[in-house]
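In what follows, a structure is listed as structure tokens, so that the remarks can point back to it.
The values are calculated or read from the model by the stated rules, or taken from the named source; none is laboratory data. The structure displayed is predicted, hence computed values, not measured ones. Neighbour counts run over all protein chains shown; Cβ positions are idealised from the backbone, glycine included.
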Amino acid sequence: MASTTLDKPAPGRKPGAAARRRVSVLLPLPFPGPFDYALPDDGRLDDVRPGEVVSVPLGRRTETGVVWDRDGTLPPEFAPPPGRPVADGRLKPVIARAGLPALPAALRRFVDWVAAYTLSPPGLVLAMALRTSQSAQAAPAQGRAQGWAPADPPPAGLRDTPARRRVLDVASRDGPLGGAELARRAGVGAGVVRGLADAGALRPVTLAPAPAFAAPDPGHCPPTLGDHQAQPAQALRDLAAAGGFSVTLLEGVTGSGKTEIYMEAIAACLAKGRQALVLLPEIALSAQWTGRFARRFGAEPALWHSDLGPRLRRVTWRAVADGTARVVVGARSALFLPFAELGLVIVDEEHESAFKQEDGVTYHARDMAVVRARMDNAPAILVSATPSLETLANVGAGRYRHLVLRARHGGAGMPDVRTIDMRAHPPERGLFLSPVLAAALDETMGRGEQAMLFLNRRGYAPLTLCRTCGHRLQCPNCTAWLVEHRARRIVTCHHCGYQDPTPPACPSCKAESSLTPIGPGVERITEEARATFPDARILVMASDTLPGPAATADAVARIARREIDLVIGTQIVAKGWHFPHLTLVGVVDADLGLGGGDLRAAERTVQLLHQVAGRAGRAEAPGTVMLQSYTPEHPVMQALVLGDFENFMRQEAEQRRPGFWPPFGRLAALIVSADTPEAADATARALGEAAPHGDGVQVLGPAPAPLAILRGRHRRRLLLRTRRDIAVQPLVRQWLDRVPPDRGARIDVDIDPISFL
Ligand SMILES: [Zn+2]
Ligand SMILES: [Zn+2]
């Protein structure tokens, strides 16, 4: 391991021996740093530059990596320790260039920064930047790809199997597709496609050229801005035109026209000849967003998310690198794209916890977006109706600028928010909608307006209990109840995906018809609504009933066309949808998010319910929001009723400040997991004994995690909390160094944790 850079002779070489030219190459694998390689003696790679993608030997394999360099961007306390230089004679040569565009310097520095900040191996962060497809290096630079279409007529005597039939169905339904994509969509192995091709049932066709990204035109269709919008729009245009790093919070109530305004910043960025990146918390939102963008700019943006097929992924990655994709809208992984000339970064709904990636490299895409903007010396804009306390604290400290949009666009009034005290107006036995809410729904739909019921819980019931023996259906792999999904006739674990057919009798006492659902999920609310309003046209919106962005876009279009009277949904309905005919929103259980004792429970509940409330009354008709609550006096309910988000956040800040809770302090979580409770406890105890201490440093735990067993692994948690002026990364690094690594347990580090499960 060495961080020796290009052209530097290796220390300690034999006098007189010609030094081999060496390069550092970072591989997309979990090593602590780059490896040194020699340049081949024939000189054909002598001009290789940092950022170039090359293939190198690693053991007996050939791997694709990136020629790496380091500079002084990282703060010293973040910089990883230097490795030992490798002697000239032991260096292996670089094999060849991989035929991919080079990774720009700003992206390389970003990879280093994310790795250092999250305490992840830099190679795993690089893997996110190279994840264009499984076969990135095999991607043809030009030329047309080959695809497969069903032979017409099909060959006689073809052996018929369900897998083969699926492939032929997909090929005739979706048109010619590349072999890998065809296999993926049909859910079969590549061998099935090859077999059909060999049998003559698929014929080769040349695929149409990959979709090019038309250039968006900043002057295509400029908006007519309201009085309250003109000044903030101009401020953002100026920022984007001037360039340079800065962070601005664009805050405005739902419906105040934030998207329109930040699109003016995109226009200025495009006019300047730079690329723009927009992050959305939920990729389901991209369809509606793309439509708005296309109306404003006369061309569609490039999309980036995990559902892109491999070919489109490859094409998009290259188009971002060569600058032909001017605007990218995407999920958090879009942060790692190789922008040629990034000039603007926007994070919409910046308060959303969906921006936190919880698997693999755990990072917060909002915070890393700010870092990315700094690396590219570009402005960042964070957008929200209910900004996070983190962002508000940065505004308060003068680190971020603040633009506020007060009025709702088009003169629509703010919705009237009320609580329904469930103690005074309880639902009938076995039901979940208060008579007050039921009457309001009836009246609203009677007027021909649309209504929505919100419950942030999928499935039929969150818990199933045996009335005879008290047995509860529990996940065999997790500390969690199995959730009944009645439509699919299963019970499933929302943490690990375990599922079983719904048992006909109690698994414990064998009593028949004794299992009883406890509490509601959206399915159960839908059942109640169907019984109460038999004539209403009802649509359920939940992540498991709407598979993918296309289905979501279709559902939203049906609502807009007024084909639906009542929408019942989980948090997917809370996102930035525009439903002009919706005038009543009922929140089935406003208290739901407040339990659990999570640091941000109150903040998150206010943000979520405020966003749900924002769906009501967007056009000329005023909206009403009804919150069913057993604690209507709770500060969260009061903040929503009074619409006084500012005051609520001030109180929230005052509660977190004294204990140095974020954003007034820093947190790092260490999660120990092991196959046995003993192994988990042993490592957790060792970590507890080696814990850092000192002024402004505190370690909480070890304690069993709330999800004490997850996917069969026993889990313990420790939480390091420091004053804001103390960096947690060096403390954690030294802490882990003090604990012998291998005790059959694994330690995951989560910097700035959002989830405390
Ligand atoms: Zn039982
Ligand atoms: Zn489970």
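Data overview
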{"item": "Answer residue from region 621-644, given it is under 29 Å from the mean Cα position of the chain (by Cα) and buried (at least 20 other Cβ atoms within 10 Å of the Cβ) and is farthest from residue 740 (Cα to Cα) among those", "result": "625"}
{"item": "Hits in region 493-513 (condition: among the hydrophobic types (A, V, I, L, M, F, W, C) and away from ligand 1 (no atom under 14 Å from the Cβ))", "result": "493, 496"}
{"item": "Filter result for residue 652 (surrounded by fewer than 23 Cβ atoms within 10 Å (Cβ to Cβ), within 27 Å of the chain's Cα centre (by Cα) and acidic (Asp, Glu))", "result": "yes"}
{"item": "Among residues of region 299-308, those that are assigned to a loop (DSSP other than H, G, I, E, B) and either touching a strand residue (DSSP E or B) at 6+ places or on another chain (Cβ under 8 Å) or of a type in the set (Val, Ile, Thr) (or both), counted", "result": "2"}
{"item": "Flag for residue 611 being modelled with pLDDT of 90 or more, under 24 Å from residue 353 (Cβ atoms), in contact with a helix residue (DSSP H, G or I) (Cβ under 8 Å, 6 or more places away or on another chain) and among the polar types (S, T, N, Q)", "result": "no"}
{"item": "Filter result (assigned to a loop (DSSP other than H, G, I, E, B) and more than 25 Å from the chain's Cα centre (by Cα)) within region 275-298", "result": "298"}
{"item": "Qualifying residue in region 309-330 (condition: within 30 Å of residue 649 (Cβ to Cβ), small (Gly, Ala, Ser), surrounded by 19 or more Cβ atoms within 10 Å (Cβ to Cβ) and touching a residue at least 60 places away in the same chain (Cβ under 8 Å))", "result": "no"}
{"item": "Residue within region 176-187 that is surrounded by 13 or more Cβ atoms within 10 Å (Cβ to Cβ), touching a residue at least 24 places away in the same chain (Cβ under 8 Å) and among the acidic types (Asp, Glu) present", "result": "yes"}
{"item": "Scan of region 160-171 for residues that are of a type outside the set (D, E, K, R) and surrounded by 12 or more Cβ atoms within 10 Å (Cβ to Cβ), ordered by number", "result": "161, 163, 167, 168, 170, 171"}
{"item": "Only listed residue being under 20 Å from residue 219 (Cα atoms) and β-branched (Val, Ile, Thr), chosen from 315, 347, 327", "result": "327"}
{"item": "Given (1) over 30 Å from residue 615 (Cα atoms); (2) at pLDDT below 95, index of the condition residue 331 fails", "result": "(1)"}
{"item": "Any hit, region 406-414, residues being touching a helix residue (DSSP H, G or I) at 6+ places or on another chain (Cβ under 6 Å) and crowded, with 22+ Cβ neighbours inside 10 Å", "result": "no"}
{"item": "Per-region count, region 657-716, residues aliphatic (A, V, I, L, M) and closer than 27 Å to residue 399 by Cβ", "result": "4"}
{"item": "Unmet requirement for residue 270, which otherwise passes all of (1) assigned to a loop (DSSP other than H, G, I, E, B); (2) among the aliphatic types (A, V, I, L, M); (3) without any contact (Cβ under 8 Å) to a residue 60 or more places away in the chain", "result": "(1)"}
{"item": "Residue check for residue 375: over 21 Å from the mean Cα position of the chain (by Cα), surrounded by 20 or more Cβ atoms within 10 Å (Cβ to Cβ), under 30 Å from residue 665 (Cβ atoms) and among the hydrophobic types (A, V, I, L, M, F, W, C)", "result": "yes"}
{"item": "Residue in region 410-419 that is within 16 Å of ligand 1 (Cβ to nearest atom) and either without any contact (Cβ under 8 Å) to a residue 12 or more places away in the chain or part of a strand (DSSP E or B) (or both) present", "result": "no"}
{"item": "Every residue from region 618-660 that is on the phi > 0 side of the Ramachandran plot and aromatic (Phe, Trp, Tyr)", "result": "660"}
{"item": "Test: residue in region 65-73 that is crowded, with 18+ Cβ neighbours inside 10 Å, among the β-branched types (Val, Ile, Thr) and at pLDDT below 95", "result": "no"}
{"item": "Residue ID - farthest from residue 246 (Cα to Cα), chosen from residues in region 335-365 that are more than 10 Å from the chain's Cα centre (by Cα) and in a helix (DSSP H, G or I)", "result": "336"}
{"item": "Odd one out for residue 398 among (1) touching a strand residue (DSSP E or B) at 6+ places or on another chain (Cβ under 9 Å); (2) under 30 Å from residue 341 (Cβ atoms)", "result": "(1)"}
{"item": "Selection count where residues are under 20 Å from residue 373 (Cα atoms), out of contact with any strand residue (DSSP E or B) (no Cβ under 9 Å at 6 or more places or on another chain) and not charged (D, E, K, R), scope region 234-262", "result": "1"}
{"item": "Test: residue in region 213-231 that is over 30 Å from residue 373 (Cβ atoms), touching a helix residue (DSSP H, G or I) at 6+ places or on another chain (Cβ under 9 Å), part of a loop (DSSP other than H, G, I, E, B) and small (Gly, Ala, Ser)", "result": "no"}
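Conditions (1) part of a helix (DSSP H, G or I); (2) more than 16 Å from ligand 2 (Cβ to nearest atom); (3) surrounded by 15 or more Cβ atoms within 10 Å (Cβ to Cβ), marked per residue:
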residue	(1), (2), (3)
683	yes, yes, yes
692	no, yes, yes
706	no, no, yes
709	no, no, yes
715	no, no, yes
720	no, yes, yes
726	no, yes, yes
731	yes, yes, yes
734	yes, yes, no
